[in-house]
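Asks: Mind having a look at this structure? Questions to follow.
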Amino acid sequence: MPHHRDADDGLAAEAASLDAADPLARHRDAFVGAESALVYFDGNSLGRPPRATAERLSRFVTDEWGGRLIRGWDEAWMQLPFAIGDRIGAIALGAASGQTVIGDSTTVLLYKLLRAALDAQSAADPDRVEIVVGRDDFPTDRYLVEGIAAERGARVVWVDVDTSRGVDADLLRAAVGPRTAVVLLSHVSYRSGYLADGPGLTAIAHEAGALVLWDLCHSAGSVPMDLDAWGADLAVGCTYKYLNGGPGSPAFAYVASRHQHRLVQPVQGWMGAADVFSMGPVYRPADGMRRFLSGTPPVLAMIAMQDTLDLLEDAGIAAVRTKSVALTDFAIRVADGILSPLGVRLASPRDAAERGGHVTLSHPAMRAVTARLWRDDVIPDYRDPHGLRIGLSPLSTSFIETLTGLRAVAEAVRAES
Ligand SMILES: *Cc1c(COP(=O)(O)O)cnc(C)c1O
């Protein structure tokens with residue numbers, strides 16, 4: 001097939017020249033495994049570890065944990081949730097200090113903030129009893145909304161979406177109104193990669209008198225945002241995806257300064273109390289972000305993400321986004337060239353302005369294709385219906401890796417269909 005061969009040769013030359021011109025290419029070597037032939041398309045689910053992290057973790061065990069013992073809490077660890085939170089805010093979220101904290105899992109932080117927001121809104125206006133959420137949002141988000149609605153006698157307003165897109169301005173406008181208490185929105189859809197209009201959707205919710213809780217799991221560390229400038233109210237996001245914090249690393253929560261004093265979260269533990277060590281008879285919430293904590297911070301699990309924060313700070317989130325767009329554009333061109341003739345369809349937005357850091361490719365054989373690829377050290381992930389998610393981490397993914405992986409996808413689709 002000489003014609004096919006020509007198209008493929010052109011792509012190889014293009015990948016090589018994109019890598020040669022990539023100002024972030026030098027960061028790839030900062031990650032464990034970058035030198036291997038394995039193709040990693042799942043940094044949006046679990047980022048690769050930075051090489052520096054092995055050393056950082058080992059130093060923590062011997063010097064800080066082993067050397068300082070219980071003194072470590074007073075000397076440094078108690079402040080770590082706030083110090084790292086502020087760094088994430090400054091480097092990735094567009095959040096001024098004092099508004100971001102590292103805490104529990106994404107699921108638990110979403111629960112705490114969503115319930116606090118619903119309660120505050122209903123207390124101010126008893127008619128505000130509706131929570132708006134996308135029908136295709138990540139399961140934990142939908143399940144939490146249903147649970148909280150049952151707990152508080154609230155009502156869920158589901159926004160139906162095209163699964164190759166997400167919640168947009170028209171859909172949101174039709175869903176909100178004088179009864180809306182809170183809107184829960186994904187900045188980047190976990191399935192399609194659809195990138196929501198942060199400031200636009202925030203403004204629509206505010207016009208209706210609602211608060212917005214942004215789920216930033218699939219955008220933090222990949223897509224720049226400006227939470228303060230958007231007028232965002234609340235946000236939660238993962239640190240083990242594009243922030244490479246490692247399996248189970250704790251999530252971050254953002255609460256705009258203007259809301260902190262009026263929100264009370266439901267998991268009232270000693271670490272969120274005004275005076276942690278007074279061991280007093282009743283719970284009084286601390287001022288500021290401390291009130292959103294509950295128990296002892298998972299310090300060991302917060303260590304690793306600092307290396308990626310260093311890399312992101314050095315690279316700049318704008319440059320990270322530029323490469324992210326170049327990677328997804330390239331992946332779509334490759335898919336158009338070698339996968340669409342095999343019946344593979346793009347299930348993500350074509351317009352880069354509406355697309356986050358991953359691309360979803362759809363074909364009836366994708367479940368089997370994924371299993372075959374994993375056996376061959378090409379690692380995307382699978383999401384129903386028939387979706388192969390190609391996650392492209394700007395700091396650790398190269399263009400040639402992207403091409404190599406998509407060629408393997410083509411082979412696997414041929415073999416499985
Ligand atoms: C990954 C992800 C989560 C994960 O929540 P955990 O509590 O860390 O398991 C939640 N929401 C979205 C949108 C995600 O992409």
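Asks: Given the residues ALA169, ALA208, ALA174, which is the only one that is under 21 Å from ARG135 (Cα atoms), aliphatic (A, V, I, L, M), in contact with an Asp or Glu (Cβ under 9 Å, 6 or more places away or on another chain) and at pLDDT 95 or above?
Replies: ALA169
Asks: If you don't mind, there's one more thing I want to ask. Would you confirm whether any residue within region 398-408 is more than 30 Å from PRO199 (Cα to Cα) and either in contact with a Lys or Arg (Cβ under 7 Å, 6 or more places away or on another chain) or acidic (Asp, Glu) (or both)?
Replies: Yes: region 398-408 contains one or more residues that are more than 30 Å from PRO199 (Cα to Cα) and either in contact with a Lys or Arg (Cβ under 7 Å, 6 or more places away or on another chain) or acidic (Asp, Glu) (or both).
Asks: For ASP86, which of the numbered conditions (1) under 25 Å from TYR254 (Cα atoms); (2) free of Cβ contacts under 8 Å to residues at least 40 places away in the same chain; (3) touching a helix residue (DSSP H, G or I) at 6+ places or on another chain (Cβ under 6 Å); (4) not hydrophobic (A, V, I, L, M, F, W, C) fails to hold?
Replies: If we test ASP86 against (1) under 25 Å from TYR254 (Cα atoms); (2) free of Cβ contacts under 8 Å to residues at least 40 places away in the same chain; (3) touching a helix residue (DSSP H, G or I) at 6+ places or on another chain (Cβ under 6 Å); (4) not hydrophobic (A, V, I, L, M, F, W, C), just (3) comes out false.
Asks: If we keep just the residues of region 255-275 that are charged (D, E, K, R) and more than 25 Å from the chain's Cα centre (by Cα), which is nearest to MET289 (Cα to Cα)?
Replies: This residue is ARG262.
Asks: How many residues are more than 17 Å from ASN44 (Cα to Cα) and crowded, with 19+ Cβ neighbours inside 10 Å if we restrict to region 316-330?
Replies: The total comes to 1.
Asks: What residue, of ASP329, ASP287, ASP307, ASP275, is touching a residue at least 40 places away in the same chain (Cβ under 8 Å) and of a type in the set (D, E, K, R)?
Replies: Only one candidate qualifies: ASP307.
Asks: Would you mind finding the one in ASP125, ASP86 that is surrounded by fewer than 14 Cβ atoms within 10 Å (Cβ to Cβ) and either modelled with pLDDT under 95 or of a type outside the set (Gly, Ala, Ser) (or both)?
Replies: ASP125
Asks: So, one more: Can you name every residue in region 189-223 that is of a type in the set (Asp, Glu), surrounded by fewer than 24 Cβ atoms within 10 Å (Cβ to Cβ) and under 18 Å from the mean Cα position of the chain (by Cα)?
Replies: ASP197
Asks: Do we find a residue being in the same structural domain as GLY98 (by TED's automatic domain parsing) and under 12 Å from the mean Cα position of the chain (by Cα) anywhere in region 136-156?
Replies: Among the residues of region 136-156, at least one is in the same structural domain as GLY98 (by TED's automatic domain parsing) and under 12 Å from the mean Cα position of the chain (by Cα), which makes the answer yes.
Asks: Ok, one more. SER45 - would you say it is part of a loop (DSSP other than H, G, I, E, B) and buried (at least 18 other Cβ atoms within 10 Å of the Cβ)?
Replies: Judged against the criteria, SER45 is a match.
The values are calculated or read from the model by the stated rules, or taken from the named source; none is laboratory data. Here the structure is a predicted model, which means the values were calculated and not measured. Positions of Cβ are generated from backbone atoms using ideal geometry, with glycine treated the same way; all protein chains shown enter the neighbour counts.
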